[in-house]
1. Looking at the stretch 325-343, which of the residues that are assigned to a helix (DSSP H, G or I) and in contact (Cβ under 8 Å) with a residue 12 or more places away in the chain is surrounded by the fewest Cβ atoms within 10 Å (Cβ to Cβ)?
2. Being at pLDDT below 95 and more than 26 Å from residue 382 (Cβ to Cβ) is the requirement here; does residue 265 meet it?
3. Which of the residues that make up the stretch 240-252 are more than 13 Å from residue 194 (Cβ to Cβ) and part of a helix (DSSP H, G or I)?
4. Scan the stretch 224-251 for residues that are touching a strand residue (DSSP E or B) at 6+ places or on another chain (Cβ under 9 Å) and surrounded by fewer than 24 Cβ atoms within 10 Å (Cβ to Cβ) and jot them down.
5. Tell me, please, whether a residue that is in contact with a strand residue (DSSP E or B) (Cβ under 6 Å, 6 or more places away or on another chain), in contact (Cβ under 8 Å) with a residue 24 or more places away in the chain, closer than 22 Å to residue 158 by Cβ and crowded, with 22+ Cβ neighbours inside 10 Å can be found in the stretch 135-142.
6. Answer yes if at least one residue in the stretch 213-222 is assigned to a loop (DSSP other than H, G, I, E, B), over 20 Å from the mean Cα position of the chain (by Cα) and without any contact (Cβ under 8 Å) to a residue 24 or more places away in the chain, and no otherwise.
7. Any chance you could count how many residues in the stretch 344-378 are under 13 Å from residue 300 (Cα atoms) and in a loop (DSSP other than H, G, I, E, B)?
8. What about residue 358, is it touching a residue at least 24 places away in the same chain (Cβ under 8 Å), farther than 30 Å from residue 246 by Cβ and either touching a helix residue (DSSP H, G or I) at 6+ places or on another chain (Cβ under 6 Å) or in the same structural domain as residue 291 (by TED's automatic domain parsing) (or both)?
């Protein structure tokens, strides 16, 4: 065996995931229908030992794995997609030969679930376990992120809103924010993280770190903890750190802040008229605080900030917002993931390949749900071949992804008492 070559078992071992249960699911773009949430309970689940993502200066484990990977495998790790995108089927509720073959061909970094993939607890656990197992048995042998949008509250809770699951349910995060009781946000993080981990997920696209500065904003609305940036920061830090202690990686969203917009980026462009001073004093605070608390993932939204960037680019494609602001000024060195690239704010102006390349050029790491996975993946490879993207730029992002995966299981950490 070559000096820098690792077996799949060794890769799992150095990632700390050799014995971990891994899982997955995904579906359409639409939000779950609004309903009434009622208090529930969650079975007692022992937290999985976890630490925050390792600093990139201490990334020897990830670097060893990176040295065993082909360019194609590295690029594949930068995509977070639905099971339907991988298999080319309309709706996936089980993972079998088609999923195994798809992961062997394109070993993506993450798979995200939506409501249509969720039928029963047994079905979901089995599907996720199979997807996770396939990811470690094929191609580079690197475990896949298994993600879901589970914010809590009646609007965006894929698992809790399913009648098949008896898990804790919560009111809108705005209702929790209005109490001013930070411990309540911590309990949300502990409960959601515990039941997601028990089912098989390891990434949650939550909490929402947007400050609701525009009361007419409907796309965020009661999903936000409120209009006070310090209160939102307190709540988001409490929820994210509590969730992290359960073994589920939180992904705070939507940088640079979706609370001021009056449009929905799912269907078209969303614009914030805030100045840089406004963002610094308000919208950035929850992100600044969670970065200080070592949150491992941040989602960048498709939000234009013309008074800051002086261009027509959404934040998700803006080097000013991603590399200069989030990475350098706010000091975030974890995984930066885009909001869905199937949203109208992106698809109306950019091809799948253009959007993927621009995101990576801007300093982003993982592309969520490109409009056309094959076209986006090939577009990135073509950009490397032509010199638009360097191999070093790909390695930077892949190294962050591997580092976050290594952080899923590490030294024991006592969860906060909420």
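The values are calculated or read from the model by the stated rules, or taken from the named source; none is laboratory data. In this text, all values refer to a predicted model and were calculated from it rather than measured experimentally. Don't worry about glycine lacking a Cβ; one is built from the backbone with ideal geometry, like all the others, and counts go over all protein chains shown.
1. Once the filter is applied, the top-ranked residue is 327.
2. So residue 265 passes the test.
3. Correct list: 240, 241.
4. 241
5. no
6. Yes, the stretch 213-222 contains at least one residue that is assigned to a loop (DSSP other than H, G, I, E, B), over 20 Å from the mean Cα position of the chain (by Cα) and without any contact (Cβ under 8 Å) to a residue 24 or more places away in the chain.
7. 4
8. Yes.
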